[in-house]
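The values are calculated or read from the model by the stated rules, or taken from the named source; none is laboratory data. Please read all numbers here as calculations on a predicted model, not as lab measurements. Positions of Cβ are backbone-derived with ideal geometry, glycine not excepted, and every protein chain shown enters the neighbour counts. Quick note on the areas: whole protein, heavy atoms, side chains included, nothing else; ligands and nucleic acids left out. Shrake-Rupley method; radii C 1.70, N 1.55, O 1.52, S 1.80 Å.
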Amino acid sequence: MRTFIRRMFLLGGAAAVALNIAVTPAMAAPTSWTVGPMTPAAIGANSTDTVFQLGYIPMTCPVLPVRGSLFSATGSPGYVGKVTSMVFGSSGSPCTTALGPVTPLADVSTPWKIMATEYHAGTGVTSGYVTGVEIRFTVLTCSGRIAGEMAMTYTSSTGVMALTGAPGHQLLFADTTPACKGLWADGEVATLTANLGVVTPAGGVVHPAVTGS
């Protein structure tokens, strides 16, 4: 019996150590974020590999230009940037689905916020999410909106901001019209993935760097 109790004590101690290791990164989340060499830094980006998974129907976009800015901040998570423009496709290169061309409209009348949660010093990658996302859409006679958050990473060395579609930050359908029945319903999940090459307005090769401490 004593041997059993001793083993349980040792196992309990090991579990406590493992739990401590698991929560340490969250406890060490940065509270100070630095954007350089200039802050605020206007950003212009474009993705050529955008996939917008509308429920079970994928939409691809040949071009996805984005505009906004990055800036130094404090807080955990830190409000380090905003998206002020996102355009899905163009007149010559529209976004398409199996149902035909689609032109979603990004509502940035209230800029979307770029929030930083973790900084990986070894790789120079900042991870976080974009919140306040509002996208309106019309497909055939069906219309509605998609709202919520998108997971993202930013790599300082390349200036690439990736919308990863990682779980934990979701975009959901809302205000879908009756004509959407059989296609989409309110509460269904949509996922946007894209690699945005972020550059300065002048087209320079120096990308804004984001670091956390």
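Of the strands (runs of 3 or more DSSP E) contained entirely in region 43-86, those carrying at least 3 residues that are within 14 Å of the chain's Cα centre (by Cα) fall at 50-54, 78-86. Please work out if residue 85 is closer than 27 Å to residue 117 by Cα and surrounded by fewer than 15 Cβ atoms within 10 Å (Cβ to Cβ). Judged against the criteria, residue 85 is a match.
Among the residues of region 108-117, the ones that are small (Gly, Ala, Ser) and open to solvent by less than 40 Å² (accessible area, probe 1.4 Å) come to 1 in all. Here's a check for you: in region 111-152, which residue that is of a type in the set (S, T, N, Q) and not in a strand (DSSP E or B) is nearest to residue 87 (Cα to Cα)? Step by step, filter region 111-152, then rank; the result is 141.
Among the residues making up region 118-159, those that are under 17 Å from residue 34 (Cα atoms), over 11 Å from the mean Cα position of the chain (by Cα) and buried (at least 18 other Cβ atoms within 10 Å of the Cβ) are 119, 125, 126, 155, 156, 159.
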